[in-house]
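So the structure is just underneath, and the comments pick up after that.
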Amino acid sequence: PTESVREVLPYGFIVQLRELLASGPNFKDWTLAQSMKGKISIDGSNAGSDWFQVTADRIDKNDPDCVWRVRNIERNRSQVLEMWSPVRWVAILVKLQMTARTGQVRMADSGESDTWRFVAGRFRPNTGTLAHKDKRKSWAQGVFRRVVTLDGAETAVLYFNSNKTSDIGKDGVDKGQECPWPHLPGSSDDPYYWLEKLRQD
């Protein structure tokens, strides 16, 4: 067949999955994702864990996006301090929010070298050490791309720096795909909100 043989997941389920995953405005609210164990490898260890051992100086108890725990290790009766990484779960949420493919979301560029930096819904000149300094030509390879409309208004679209077979025969900055996507009011529906939060944290 020329089309997928898979059944389409009803849209109501997709909306419910978004709300279950992004169940609040901060990463501390993502309790479902934090409880997931990941896949178990052949030797019985957890191969997909999103928890990483850290030292106490890495924990910011006042940051609602810094999720941490103390885990007991039974075999030697000790404890370890761990921090949760939301990276894998933001990728899943973005896939539930829009039409991007897994590879595109996983390879999205944070835009640290872009001429313009997307902050709190607006673009500002990027003053970071990696920022592109040539003022004659704007550099825009990050997931947030600045677009100026015909009437002079500034808006953001999402940009994925890979586009599967459409990239064949193209070089560097000619690759990829702009994805104009609406800015939606609910945080569970807005990929701009979570991608920016992930980049900031």
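The values are calculated or read from the model by the stated rules, or taken from the named source; none is laboratory data. Just so it is clear, the structure is predicted and the values come from calculations on it, not from any experiment. When we count neighbours, we look across all protein chains shown, and the Cβ atoms used for this are built from the backbone with ideal geometry, even at glycine. Note: areas computed on protein heavy atoms with side chains; ligands, DNA, RNA excluded. Shrake-Rupley method; radii C 1.70, N 1.55, O 1.52, S 1.80 Å.
The table below gives the values:
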read-out	value
Selected residue (only one of SER85, SER23 is modelled with pLDDT of 90 or more and in contact with a strand residue (DSSP E or B) (Cβ under 7 Å, 6 or more places away or on another chain))	SER85
Top-ranked residue of the stretch 138-174 - restricted to ones that are on the phi < 0 side of the Ramachandran plot, of a type in the set (D, E, K, R) and surrounded by 10 or more Cβ atoms within 10 Å (Cβ to Cβ), ranked as nearest to the chain's Cα centre (by Cα)	ARG145
Which listed residue, of THR127, THR102, is more than 16 Å from GLU178 (Cβ to Cβ) and open to solvent by 80 Å² or more (accessible area, probe 1.4 Å)	THR127
Residue check, ARG122 under 25 Å from LYS197 (Cα atoms) and open to solvent by less than 60 Å² (accessible area, probe 1.4 Å)	no
Test for ARG88: is it open to solvent by 60 Å² or more (accessible area, probe 1.4 Å), closer than 25 Å to ASP167 by Cβ and part of a helix (DSSP H, G or I)	yes
Condition check for VAL119: touching a Leu at 6+ places or on another chain (Cβ under 7 Å) and at negative phi	no
The stretch 60-85, subset among the aliphatic types (A, V, I, L, M) and within 21 Å of the chain's Cα centre (by Cα), residue least open to solvent (accessible area, probe 1.4 Å)	VAL67
Residues of the stretch 156-198 satisfying the condition of being more than 18 Å from ALA100 (Cα to Cα) and modelled with pLDDT of 90 or more	LYS197
Any hit, the stretch 186-198, residues being over 17 Å from the mean Cα position of the chain (by Cα), closer than 22 Å to VAL119 by Cα and of a type in the set (Gly, Ala, Ser)	no
Whichever residue in the stretch 37-53 is at pLDDT 85 or above and open to solvent by 40 Å² or more (accessible area, probe 1.4 Å) and, among such residues, is nearest to TYR193 (Cα to Cα)	PHE52
Whichever residue in the stretch 5-25 is closer than 11 Å to LEU96 by Cβ and assigned to a loop (DSSP other than H, G, I, E, B) and, among such residues, is least open to solvent (accessible area, probe 1.4 Å)	ALA22
Test: residue in the stretch 111-118 that is touching a strand residue (DSSP E or B) at 6+ places or on another chain (Cβ under 9 Å), among the aromatic types (Phe, Trp, Tyr) and open to solvent by 40 Å² or more (accessible area, probe 1.4 Å)	yes
